[in-house]
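A.B. asks: Quick one: the structure is below, and I'll ask about it shortly.
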Amino acid sequence: MALQFERMKLPPAGTMGGVSFHASDVTNTPGGPQVLLFGGQRQGLSGDLWLYEPTGDGWTQQFSQDAAPSERTQASLTAMGAAEGAKMILFGGYVANIGEVNEAWSLEMVEGASLPVPSWTLLECDGEAPAARYGHSGTCLGGRLMVFGGQDKNAQFNDVWILDPASCAWSCIAAVDEVPMVPRSRHTATAVGADKAVIIGGFHRQKRALDDMWTLTIGDDGTLVTEEISPETESDATFEARAQHGAVAADGRHVMIFGGYDGAKNLNDLWVLNLETAAVKEVKCAA
């Protein structure tokens, strides 16, 4: 497997400043895929919404004409499906002068006078909502939002929640004491099917950076099945524990894992997890 990184050269106009602990995801439009990025930490907490189009003019800031979420960090922003025009859902995060929150907002790009503009809606959902949190993951499984993990000022979580946008109703799939994996935050939860996600790494307050891998599968009856992946490396390289990394599914059979922080240093390695063989392989990229 040969891969090569290529640095994208953005136009000087519309350049976005550096940001950390933001929430972002990719959504499809008639003109192609777009990256939407919200919040995070710059000089302080941010409430900015930015859009990136691969064929456009780089990053452009988006301004809502209506109410919008307040400044926050470590929230999740999840595209709800691959259909064109599908909405995104922002959940949770840490808000200045408030702390962790558990509000859910729907985001849709609607036609404006000349260009699409963001339209935010605060969702008033049925059912008990997850405890307020930040550092969790939000994953679209079969058109529903799965929220896993995260933390508040007192505890970390490993519970699993589902928000059904069609009925705007929350349901708890598994409580904290019903999931075998340790609580965590700043992990990745990557969809590898309509009902399955792969959880990789994260941060635990006592164990620190984690290197474990799990699958979470939600059955038709709403029950959760968890299975730990015990990958074998295909070389002498060692997959290091990490949090704040990135992970993306490829062809339904592989998950690509990049970078992160191991508790002492930043990582810039690239690994591929084979879900069929449970093997993980480091990929050396050309300069």
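A.B. asks: So how many residues does the range 233-246 have that are at pLDDT 90 or above, surrounded by fewer than 19 Cβ atoms within 10 Å (Cβ to Cβ) and not in a loop (DSSP other than H, G, I, E, B)?
C.D. replies: 1
A.B. asks: Please find, within the range 230-252, the residue that is farthest from the chain's Cα centre (by Cα) out of those that are more than 28 Å from residue 22 (Cβ to Cβ) and touching a residue at least 24 places away in the same chain (Cβ under 8 Å).
C.D. replies: Looking at the filtered set, the residue picked out is 235.
A.B. asks: Do the conditions hold for residue 58, that is, is it surrounded by 15 or more Cβ atoms within 10 Å (Cβ to Cβ), farther than 24 Å from residue 145 by Cα and over 19 Å from the mean Cα position of the chain (by Cα)?
C.D. replies: yes
A.B. asks: Name the pairs whose Cβ atoms lie under 8 Å apart, with the first residue in the range 110-136 and of a type in the set (S, T, N, Q), the second open to solvent by 30 Å² or more (accessible area, probe 1.4 Å) and modelled with pLDDT under 95, and 6 or more positions between them or separate chains?
C.D. replies: 119/64; 119/65; 119/66; 119/108; 119/109; 119/110; 121/108
A.B. asks: Given the residues 39, 47, which is the only one that is of a type outside the set (A, V, I, L, M, F, W, C) and open to solvent by less than 20 Å² (accessible area, probe 1.4 Å)?
C.D. replies: One residue alone meets the criteria, 39.
A.B. asks: Of a type in the set (S, T, N, Q), surrounded by fewer than 21 Cβ atoms within 10 Å (Cβ to Cβ) and outside any loop (DSSP other than H, G, I, E, B): does that describe residue 121?
C.D. replies: The answer is yes for residue 121.
Let's see how each residue does on (1) basic (Lys, Arg); (2) within 17 Å of residue 227 (Cα to Cα); (3) in a strand (DSSP E or B); (4) out of contact with any strand residue (DSSP E or B) (no Cβ under 9 Å at 6 or more places or on another chain):
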{"site": "248", "(1), (2), (3), (4)": "no, no, yes, no"}
{"site": "255", "(1), (2), (3), (4)": "no, yes, yes, no"}
{"site": "260", "(1), (2), (3), (4)": "no, no, yes, no"}
{"site": "264", "(1), (2), (3), (4)": "no, no, no, no"}
{"site": "269", "(1), (2), (3), (4)": "no, no, yes, no"}
{"site": "273", "(1), (2), (3), (4)": "no, yes, yes, no"}
{"site": "277", "(1), (2), (3), (4)": "no, yes, no, no"}
{"site": "281", "(1), (2), (3), (4)": "yes, no, yes, no"}
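A.B. asks: Report whether or not residue 256 is open to solvent by less than 50 Å² (accessible area, probe 1.4 Å) and of a type in the set (A, V, I, L, M).
C.D. replies: When the stated conditions are applied, residue 256 does not pass them.
A.B. asks: Residues 221, 195: which one is surrounded by fewer than 19 Cβ atoms within 10 Å (Cβ to Cβ) and farther than 19 Å from residue 78 by Cβ?
C.D. replies: Sole residue among the options that is surrounded by fewer than 19 Cβ atoms within 10 Å (Cβ to Cβ) and farther than 19 Å from residue 78 by Cβ: 221.
A.B. asks: Is it the case, given these coordinates, that residue 167 is small (Gly, Ala, Ser), part of a strand (DSSP E or B) and surrounded by fewer than 22 Cβ atoms within 10 Å (Cβ to Cβ)?
C.D. replies: No; evaluated as a whole, the condition is false for this residue.
A.B. asks: Looking at (1) in contact with a helix residue (DSSP H, G or I) (Cβ under 7 Å, 6 or more places away or on another chain); (2) surrounded by fewer than 16 Cβ atoms within 10 Å (Cβ to Cβ), which is the only condition residue 159 fails?
C.D. replies: Answer for residue 159: the failing condition is (2).
A.B. asks: Hey, can you tell me all the residues within the range 124-154 that are open to solvent by less than 40 Å² (accessible area, probe 1.4 Å), part of a loop (DSSP other than H, G, I, E, B) and out of contact with any Ser or Thr (no Cβ under 7 Å at 6 or more places or on another chain)?
C.D. replies: Those that are open to solvent by less than 40 Å² (accessible area, probe 1.4 Å), part of a loop (DSSP other than H, G, I, E, B) and out of contact with any Ser or Thr (no Cβ under 7 Å at 6 or more places or on another chain): 125, 129, 130, 132, 143, 152.
A.B. asks: Here are the criteria: (1) farther than 21 Å from residue 25 by Cβ; (2) open to solvent by 20 Å² or more (accessible area, probe 1.4 Å); (3) at pLDDT 95 or above; (4) touching a strand residue (DSSP E or B) at 6+ places or on another chain (Cβ under 8 Å). Tell me which single one residue 208 does not satisfy.
C.D. replies: Condition (4) is where residue 208 drops out.
A.B. asks: Just to be sure before I move on: is residue 200 more than 17 Å from residue 101 (Cα to Cα) and buried (at least 22 other Cβ atoms within 10 Å of the Cβ) in the structure I sent?
C.D. replies: Taking the combined requirement at face value, the residue satisfies it.
The values are calculated or read from the model by the stated rules, or taken from the named source; none is laboratory data. Remember, predicted model here, so these are calculated numbers, not experimental data. Heads up, the Cβs are rebuilt from the backbone with ideal geometry, glycines too, and the neighbour counts pull from every protein chain shown. Quick note on the areas: whole protein, heavy atoms, side chains included, nothing else; ligands and nucleic acids left out. Shrake-Rupley method; radii C 1.70, N 1.55, O 1.52, S 1.80 Å.
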